[in-house]
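Notes for the one structure printed next.
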Amino acid sequence: MLNKKKLSQQADSSALNVLYFISPKKVKELLQEPTEPADNDSLDESRNKHTVLGISGERLTKRMRKELFGAMLKQEAGWFDRPENQSGHLANRLATEVPCLRKVSGERGGVIVEGLVLVIVSLILAFYFSWQLALVNLAFIPPLALAGALQAQDMVSSVGANAVAGSEIVQESVSAHRTLASLAVQSHFYSAFQEKFLGARRSVMVLTFGAQGLGRAVSFLPSLNDAVNGAKKIFDTLDRQSRLPTDEGEEPSAAVRGEVEFRNVHFRYPTRPGVKVLKGFDHTVKSKTNTAFVGQSGCGKTTCLQLIQRLYDPDDHGQQSGIFLDGLNLRQLKPSWIRRQIAIVSQEPNLFDMSIQDNIGYGALDRETTIEEIIEVARAANIHDFIQSLPEGYDTQIGFRGSELSGGQKQRIAIARALLRKPAILLLDEATSALDMESERVVQAALDKAMAVGERTSLLVAHRLTTVENCDQIVVLQNGRKVESGSPDALMRAKGAYFALHNADEAVKK
């Protein structure tokens, strides 16, 4: 059996003897001697080195993940609209590209440095023993390095594009970024959200030994390439300043009345600069009234609701144009403050993998809420009886994006969450359009309670015109402009654009 201790001592006598023993007979004698207990000092030293380097690499990964996730949550809605910033790509950036940095830091970084130092020392010794032969052997190093670089380039091109995966918390946060922005809870998810022969022969042996070091270093070229590419994307995100910082702007001290005025509003989405969605849209929504936006798909209805939340800013056409809340231009107000005054119920509500109580409670994280308040809004949303019928009641876990609930149940929980905010403005974006008739009836009853006259300003977008018949005012949009507005009865009598939409809706039902 191999005597490890004596071999180690022989190797320690000269770096050359690691790969080349002067006397083969000596090697045979060493191999035939009985084994002695191994010296643990070198093992301890190696273990400590790998432990320290490994910990440093893990800490770097953890810190970069936290900072990158925080930077993502600070970006404006338009940034998420870009193809390269879709939820799968961002989850991949966190899950696979951040660890790429660890490949050239920590333990692996130590191996790279060790290999490069070994190459340099080996070259010095080789030139000392025989500089002529050292030059000959040196000629083989560039092809070796080139081969490693080509291998790295090939690996990046063939593997990098397919590494798309993500964790549940990132998928939820990124895919529901508008919900997080509307609820102003990015900070909570960030926290949650927060793991080588005498003479010529010796020269040949030294270079061989050195080539091993170079080989070890070159073998990390794919990792280095991965790290460089990953770091570029990561630091691009970290260095990017949001075009709509959520904490810049004024915070009015006066109570919000809820009057919303659109003045000559023009808008195009950042990812579609050639398509004008709103073209000089004008309308005033009076305080504590219910107003519906109707029209064909793509006319700008949902865009109006997004602009009210200041997820985007309209095109700049001067201080007297834009969207005004109680007479104040939204451009001068802090986005996070604006969103605290607003609650939204969308067509597909974004619920989180937590209990029903926690999902409703996310509507008012800026203050302490009690279970009594949550039950009260659940009753108003017609969901309390269903929750009580569950074995765990309000502590029931609803799964990823509410997968354990039906569409109508998810919608009513979203309504309860919105009511818990006690908003001055309630936005309803096609809240019943994805439901069956029975679920629509129950949800619509909950919405009617939520839009009780005199409590708050409500703006809703709807395709099914039966859901807007009780509104105070209806605004008909066409190609980004208002073509008519008024009460439902007045618009029916006028037999204009709304009348045509109503008849088309009735024809579809038949």
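The requirement of being at pLDDT 65 or above, under 30 Å from Ala77 (Cα atoms) and surrounded by fewer than 19 Cβ atoms within 10 Å (Cβ to Cβ) is fulfilled nowhere in the range 211-227; no residue meets it. Of the strands (runs of 3 or more DSSP E) lying entirely inside the range 275-336, those containing at least 2 residues that are farther than 27 Å from Leu73 by Cβ span 278-285, 290-294.
In the range 85-132, which helices (runs of 4 or more DSSP H) lie fully inside it and hold 2 or more residues that are modelled with pLDDT of 75 or more, in the same structural domain as Ala71 (by TED's automatic domain parsing) and more than 13 Å from the chain's Cα centre (by Cα)?
Values: elements: 87-92, 98-102, 106-129.
So the answer is 106-129.
Here Gly480 meets the list (1) under 33 Å from the mean Cα position of the chain (by Cα); (2) within 28 Å of His384 (Cα to Cα) almost entirely, failing just condition (2). On the stretch given as the range 337-353, residues that are touching a Lys or Arg at 6+ places or on another chain (Cβ under 8 Å) and part of a helix (DSSP H, G or I) total 3. Exactly one residue out of Thr432, Thr457, Thr466 is closer than 25 Å to Gly280 by Cα and of a type in the set (Ser, Thr, Tyr): that is Thr457.
For the range 354-378, filtering for residues that are part of a loop (DSSP other than H, G, I, E, B) and either over 29 Å from the mean Cα position of the chain (by Cα) or within 20 Å of Gly407 (Cα to Cα) (or both) leaves 2. Taken together, the residues in the range 466-495 that are exposed (fewer than 15 other Cβ atoms within 10 Å of the Cβ) and part of a loop (DSSP other than H, G, I, E, B) amount to 5. Within the range 379-400, the presence of at least one residue that is closer than 27 Å to Pro488 by Cα and assigned to a helix (DSSP H, G or I) is confirmed. Collect the residues in the range 393-410 that are closer than 17 Å to Leu435 by Cβ and of a type in the set (A, V, I, L, M, F, W, C), keeping them in residue-number order. Scanning the range 393-410 gives a single hit, Leu405.
For residues that are assigned to a loop (DSSP other than H, G, I, E, B) and not β-branched (Val, Ile, Thr), scanning just the range 444-465, find the one that is surrounded by the most Cβ atoms within 10 Å (Cβ to Cβ). First the steps, then the outcome.
Of all residues in the range 444-465, those assigned to a loop (DSSP other than H, G, I, E, B) come to 451-456, 462-464.
Right, trim to not β-branched (Val, Ile, Thr) and you get 451-452, 454-456, 462-464.
Numbers: Met451: 20, Ala452: 12, Gly454: 7, Glu455: 16, Arg456: 23, Ala462: 21, His463: 18, Arg464: 16.
Within the range 444-465, the match that is surrounded by the most Cβ atoms within 10 Å (Cβ to Cβ) is Arg456.
Leu244 satisfies every condition listed in (1) touching a Ser or Thr at 6+ places or on another chain (Cβ under 8 Å); (2) buried (at least 16 other Cβ atoms within 10 Å of the Cβ) except (1). Residues of the range 387-400 that are within 33 Å of the chain's Cα centre (by Cα) and surrounded by fewer than 19 Cβ atoms within 10 Å (Cβ to Cβ): Leu390, Glu392, Gly393, Asp395, Thr396, Gln397, Gly399, Phe400. Remark: Ile415 falls outside the filter, which requires a residue to be out of contact with any Pro (no Cβ under 9 Å at 6 or more places or on another chain), on the phi < 0 side of the Ramachandran plot and buried (at least 21 other Cβ atoms within 10 Å of the Cβ). What pairs can you find where one residue is in the range 364-377 and more than 15 Å from Arg340 (Cα to Cα), the other is charged (D, E, K, R) and loosely packed, with under 15 Cβ neighbours inside 10 Å, and their Cβ atoms are less than 9 Å apart, with a gap of 6+ or different chains? Note: no pairs meet the criteria.
State whether the residues of the range 231-253 include one that is in a strand (DSSP E or B), of a type in the set (Val, Ile, Thr) and farther than 30 Å from Val113 by Cβ. Talk me through it step by step, then tell me what you get.
So in the range 231-253, the residues in a strand (DSSP E or B) come out as 250.
Narrowing further to those that are of a type in the set (Val, Ile, Thr): none.
No: zero hits.
The values are calculated or read from the model by the stated rules, or taken from the named source; none is laboratory data. Predicted model, so just to flag it, every value in this text is computed and none were measured. All Cβ positions, even for glycine, are placed from backbone atoms using ideal geometry, and neighbour counts span all protein chains on display.
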